[in-house]
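First up is the structure itself, then whatever we jot down about it.
What follows is calculated from the coordinates using simple rules that are stated; it is not laboratory data. What you see is a predicted model; the values in this text were computed from it and never measured. All Cβ positions, even for glycine, are placed from backbone atoms using ideal geometry, and neighbour counts span all protein chains on display.
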Amino acid sequence: MSGICGLIANKRSSNKQDNINYKIMNMSNNNSNNDPSLALGKFAATTMPDGDWWQALWPDPEEVLRRIGVDFGDSVLDLCCGDGHFTVPLCNIVGRTGRVMAMDIDPHMLNLAKARARTAGIAPDAIDWLESDARAIAGRLPRVPNFIFIANTFHGAENKKEFMREIYSTLMPGGKFAVINWHHRPKSETTVLGQPRGPETASRMTPDQVIDLASDAGFRLHGVVELPPYHYAAVFDKRKA
């Protein structure tokens, strides 16, 4: 959720810095131009909420992943994986014949994700952990993925067209790309545990906006999956060679 690669800012929760945090868009009203995290090469306008409401919002990440099409035997890249909220369930789905790669620019988040995987009993060699900038994936992966997944992070890319093209060029021909976003609804309407959650309304992307960017990069729309109460997943196919 979830995370935390090229150009992501304000990830750690100031209230619970020692707790596991979850990737999501910026909940603050800070000016991103003054955000020191931008100097670290992180996506702008994103942060990590505390785990209580994030778990309430995403109680079954494995079911979400199955709904967007991740399958047994897939080689999956969890792009901007954050603390691994979705990474560990990916391992459960792809099984021993599949592979999971988890990329994040933040070493602290990767350490949290590794700890989550150990706690879940995931074999140490089941996940390839990659500390890297998501804007430059090419040449940094140990294998070519046939599924790339990114959640609550794509909105923060400074150059979304270029980022989408990078994802397209990295994906195996015939593979799938899925991006999970908050719906473009007023923040005041997206409440979790009694409080408005998610990014400011102006930062949210509609499915059509994501589809247009993906189409320009060469993707074909596979489908849009509703993920109640406040999210959707836009799933795309890369043409076969």
Notebook entry, point to check: Going by average Cβ neighbours within 10 Å, how do the peptides 179-191, 69-81 rank, with the highest at the top?
Noted result: 69-81, 179-191
Notebook entry, point to check: Pulled fully out, how much extra length does the chain show between I211 and S188, if you take 0.36 nm times their separation in residues and subtract their Cα-Cα distance?
Noted result: 5.7 nm
Next item on the list: Rank by packing, highest mean first: peptides 223-231, 97-105, with packing defined as the count of other Cβ atoms within 10 Å averaged across residues.
Entry: 97-105, 223-231
Notebook entry, point to check: Label points 7 Å out from Cα along the Cβ direction at R140 and F72: separation in nm?
Noted result: 3.3 nm
